[in-house]
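Beneath this line is the structure, given in structure tokens, with notes to follow.
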């Protein structure tokens, strides 16, 4: 269900370019870029060097069609119909069910989900960033991803520097709005968990606008939700080992019969009683019984999230 998405074809070049910790050159896709204390990348609007002719694979208008939530498992093609829906989900009332659910847009196109964590910040997946900061916007407080609610331009993107595009570890980024959101009945920050060693809840809710199936192509305007069950880490590691994918302690796996996140849901929230448990990251296909959806565990990254909000 996640749009987690940006695929091997066109966008993989961009993804690797900005994710490379050792990169010394500024990417022409960003106004500014540096590694700060090894904990996050700071991406911002600022003076840019005179553009050089871009390689053919770095197009100004990214083209990608999301098929899977892991950009390194499935490829992408064209972006004329941006797919999005949750597999096996039901229509939700954002104001009542998930006022923290927001949508991320790039040049007006819906690309990912995100979670409101304060009036100034939302949390999304690291792989959802692939272009100029100033071309991103976030919409909150509406069931429709393209209409109504509150729309904000993005001033700053702080991405977790521990992210590895090959393993999808630490797949998180924070987006700061140019203008704070106004809290209303339909716009509220999510509850963040306290650091704890207690077992995670077994029953979880997932939210987003992702594909209703891996083969779906029609755009879904309305947010959907679904209830899934947490998968034991040992079982999840075993499931993904057959595909050569390593599940790490900073990830949470969840599934239910016929229900999952899919392309277009990347960066969206997984919650329990309004508390953020995870952020949609990747999967193999959508709602495939042998491959649960994988989420970046909030509890493992709570200090990073709080530090970003304090520092920036």
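Of the residues 116, 191, 172, only one is closer than 22 Å to residue 307 by Cβ and touching a helix residue (DSSP H, G or I) at 6+ places or on another chain (Cβ under 7 Å); which?
Numbers: 116 fails: touching a helix residue (DSSP H, G or I) at 6+ places or on another chain (Cβ under 7 Å); 191 fails: touching a helix residue (DSSP H, G or I) at 6+ places or on another chain (Cβ under 7 Å).
Answer to the check: 172.
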message = Under 7 Å between Cβ atoms, which residue pairs at least 6 apart in sequence (or on different chains) link something in the stretch 125-146 that is without any contact (Cβ under 8 Å) to a residue 40 or more places away in the chain with a partner that is part of a loop (DSSP other than H, G, I, E, B)?
response = 135/107; 139/145; 139/149
ask   = Any chance the stretch 228-248 includes a residue that's surrounded by 22 or more Cβ atoms within 10 Å (Cβ to Cβ), at pLDDT 95 or above and closer than 20 Å to residue 113 by Cα?
value = no
Residue among 260, 265 that alone is at pLDDT below 90 and closer than 17 Å to residue 115 by Cα = 265
ask   = Which residues, counting only those in the stretch 151-200, are in a strand (DSSP E or B) and over 23 Å from residue 303 (Cα atoms)?
value = 151, 152, 153
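The values are calculated or read from the model by the stated rules, or taken from the named source; none is laboratory data. Everything numeric in this text was worked out from a predicted model, so none of it was measured. With ideal geometry, Cβ positions are generated from the backbone for all residues, glycine too; neighbour counts draw on all protein chains shown.
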